[in-house]
Structures are given as C-alpha cells and as structure tokens.
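Just so it is clear, none of the values below were taken in a lab; they were calculated from the coordinates. Bear in mind the structure is a predicted one, so any value in this text is a computation, not a measurement. Cβ placement follows ideal geometry from the backbone for every residue including glycine, while neighbour counts extend to all protein chains displayed.
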C-alpha cells in the first residue's frame, strides 16, 4: 500500500467517524468532492433513494456546506444496512457525495433504487459463493460502495455519467441492470 493510499484510508476513516459522531467540519472531503468534471461542491446536498429489498427510503439533506448531518447519516446507514443480517454500518460520506453528484448529473429528481449498500463479511462471502463478480475485499464491507439503478433512466447512461465524474470506482452490470459506485480509486469495469 502506498503512502497516498494510507493517507486516503486514514482520511476516509476519520471522516466516516466524524459523520457518525456529530456535526463537524470535514475540510478534506470538501476538496475530495471536487471531481474530475470541475463541479465545485458547496451549499446544501440532498439524496433520494429507496432500498429495493426493504422498501425503506431516504430523501433529504445530508450535508450543508462542509458539515455532514449526523441525523441524516443515521437514516442513510439504516436504509443502506445489510438487509440479510440487519447489520447497520456507517456509510462513507464521500460515497454519498458521489451519489449526490451522479444524481444531479442525471437532471432528474427520481430516487435511486439501492440494490446493495453495506454488506457484512458473512453476506459478502455467501454472495461470492453464489454470484459472479463479487470481490473478496469488496468496498461494500467498508460502507464505501453502493449498487443502484434509477427508474426510467438507462443504466448504461448512468454508468457513463459516473465515469465522466471521475470520482471513484464504477462497475456496470448490464445483465442485472445496475451500476456499482464506490469511493475507492478511480477505475471502471
């Protein structure tokens, strides 16, 4: 692991803890949210999504300026929990910033349909044994990845927008009709 990767992991970890402990300033994430497209992220940020398996949803503001809202993240974490084990895990604020940017890039107010957010190690191992394309060290297990689609929006177009953003990992699963977005290194498959 390079020094840069260690620093990014430490920053992500600290920001993740800060988002779940209180309303705090997270200046490193403000800089990280300035993606390849040159979009400067400031002001109020909203997300809207529904969990495809539980029917639960979140729609609201999760960040104001460079302050993440702990009450919003409590709800986000609950909706994106591992529905198989009912285990709740803190979602990475940067992953939510990526979702926000992609959602705005669609030009639609349609909520995302979440297929998978946080995934426990047990669930990840089970899926690895029964499904192709599940990574052994999946970022889902760290709360840094989300699999999603959007009603009445082509998943290939959703993938293209996310790749253009240049903010993390983007996977396209045409047969299953979903896109994987994560806050890891910029890459696509």
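List of remarks:
- Pair residue 64, residue 85: separation of 7 Å Cα→Cβ label points (nm): 3.5 nm
- Between residue 44 and residue 154, the C-beta separation translates, for a Förster distance of 30 Å, into a calculated FRET efficiency of about 0.60.
- Gained length - residue 128 relative to residue 187, 0.36 nm times residue gap less alpha-carbon distance: 19.1 nm
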